[in-house]
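Student: This is the structure I want to talk about, given as structure tokens.
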Amino acid sequence: MRGAVRGLARMGHANLHLLRDYTKLIGGSAGRLVLSLLYFTAVANALSIAGFGLFATASGTGIVLSRIAGFGFVSPLYRAATRKPQLIGTYSAGYLAALLASLPVVALVALGFYGLVFEGDMGLLPFALVVAAEIIGWRSLEVVCIVNNGMGRFGRASVLVIVGSAAKALAALLFAHAGLAQTDLLSWSVFYFAANAGSALLGIVLFYPRQRLRWRPALYLRRLGDSLAVAGAEILFYLQSEMDKLLVLSLGGPAIAGIYAMLMRLIDLTALPVRSFNMMIVQKLIRTPGLLQSWRRRWMTEGGIALVSVAGMGALGLILAVAPTLLGRNVADAAPLVLLVLLVPAFRNLVEYQSELLYARGRTGMRAAILALLGLLKAGFLTLLLQGAATTPDDQWILGLNGVFAALWIASAGATYIALDWRSRSPRDGPSGAPDIATA
């Protein structure tokens, strides 16, 4: 009897501890939600719709490229912070070396993206500045957050996320009132780079653990295979996540890309609380691998994520239906379309959640394969949907996005849960390498 009481007490204490940590994370997400909305409103109305489409697509490209930077070595760094924080200095040295080695590769891939998608619509210098802001600035801030989250310092990580979002919001407001609006994408790229680089530098100085850098190449080589697998999976994840912007720009042009980017940005805002939940459940799965063995618990969790996502998008859509100019004149053009993509946030957030489950269980190879499949499916579906989008009413192809993302969720759910129940491989340890805070 006493043992049962003690067991219940320990369970209650663990749940209370989990709730406290999630509250800290969600506090950062709530603050970031407000700041992100302010930032989005300022930029979307300071630039033209076409200019915003180009910027958002370049930013999405930078997010993809930031996953090449460091060759995935942020994952062993996070593991060290989670399990052996005394080795953070050693793994930080390895991450810095991997980052420097990866930069020439990143530059070559960036030039390839520019030549294929952006040349003729956007100058090389603003493109380079936006991409560098994501790779050097925001990704470095993410790494500081990753290390602090791994050490259980969720409050510090939340504060840092808010600082980074505040820096971008301030830059957007300064740009909007600088008299450079509508046409000067180059000036905004300078503001954007300065905000991201400045917040990253502040985060490193104030929040990164103070440890001496120690060079141990033999240790890094043992982690190389896993790091590359992580990098490959993350590149595939963000490629399939951001590819839609590239396809819309290529097939529909900057104006349609701008409307699409505005909708996706509003959808991204619904993912902020879900991403905090993802981080907590990943850490819980590492410690309790059988947490989601029950199908009832699986579907209840997915149902909760879907409900939160749809409720957030529905509330935003209703607000904009009543006050379409609330977020500015440019966003007012997209306001009537928000409720047409009501189900997209649910399917999109669930695919992201399922990807995190695979990583938490160490299924990095399977995760990469599923993400590659989803990327191909998404490219095919969007290409079919966007054929002739420039000459058809916006509501027709936008409504079809619900079907595209529903199909991706069905494919992801089927493949993910088969992989999780596949007993021929024993799960490897490996927490998620990054809190997903990178959005344009």
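The values are calculated or read from the model by the stated rules, or taken from the named source; none is laboratory data. On a predicted model such as this, the values are computed, not experimentally measured, just so you know. Cβ atoms come from the backbone with ideal geometry, glycine included; neighbour counts cover every protein chain shown. What goes into the accessible areas is simple: the full protein's heavy atoms, side chains included, and nothing from ligands, DNA or RNA. Shrake-Rupley method; radii C 1.70, N 1.55, O 1.52, S 1.80 Å.
Student: Output the relative contact order of segment 41-164, whole-number percent, from Cα pairs under 8 angstrom with separation of 6+ residues.
Tutor: With pairs under 8 Å counted, the relative contact order is 34 percent.
Student: Compute the signed sum of charges (Lys and Arg +1, Asp and Glu -1) over the other residues within less than 15 Å, Cβ to Cβ, of TRP295. It would help to have the intermediate numbers written out before the result.
Tutor: Working: positive: ARG296, ARG297, ARG298; negative: GLU302, ASP421.
Counting the neighbours of TRP295, the net charge comes to +1.
Student: Could you give the distance between the Cα centres of segment 291-332 and segment 113-155, to the whole Å?
Tutor: Cα centroid of segment 291-332 versus Cα centroid of segment 113-155: 26 Å apart.
Student: Hey, what's segment 199-283 come to in accessible area per residue, 1.4 Å probe, Å²? Write down the numbers at each step before the final one.
Tutor: Working: 3300 Å² over 85 residues.
Normalised by residue count, the accessible surface of segment 199-283 is 39 Å².
Student: Return an integer: the convex hull volume of the alpha-carbon atoms of segment 227-274, in Å³ per residue.
Tutor: Numbers: hull volume 3.5 nm³, N = 48.
Convex hull of Cα atoms, per residue: 73 Å³.
Student: Could you list which residues have their amide H under 5 Å from that of LEU47, counting only those 5 or more apart in sequence or on another chain, with H placed in the peptide plane?
Tutor: GLN182
Student: I need to check one value: relative contact order of segment 305-422, counting alpha carbon pairs closer than 8 Å and at least 6 residues apart, in percent. Could the numbers behind the result be given before it?
Tutor: Values: 101 pairs, mean separation 37.6, N = 118.
Relative contact order for segment 305-422 comes out at 32 percent.
Student: Whole-Hz Karplus ³J(HN,Hα) for segment 230-235, in order, using 6.51 cos²θ - 1.76 cosθ + 1.60 and θ = phi - 60°, x for Gly and Pro?
Tutor: 5, 4, x, 5, 5, 4
Student: Using 0.36 nm times the number of residues separating ARG212 and LEU339, minus their current alpha carbon distance, what extension gain do you get?
Tutor: Numbers: separation 127, 0.36 × 127 = 45.72 nm, distance 5.21 nm.
Once the chain is fully extended between ARG212 and LEU339, it gains 40.5 nm.
Student: From the phi angles alone, apply the Karplus equation (6.51, -1.76, 1.60; θ = phi - 60°) to segment 150-156 and give each ³J(HN,Hα) in whole Hz, x where the residue is Gly or Pro.
Tutor: Whole-Hz 3J(HN,Hα) from phi for segment 150-156: x, 7, x, 8, 5, x, 5.
Student: Here's something else I'd like to know. Please report the carbon-and-sulfur percent of the accessible area for segment 101-154; probe 1.4 Å, protein heavy atoms only, DNA, RNA and ligands left out. List each step's numbers first, then the result.
Tutor: On the way: 1400 of 1960 Å².
Percent of accessible area from carbon and sulfur atoms in segment 101-154: 72.
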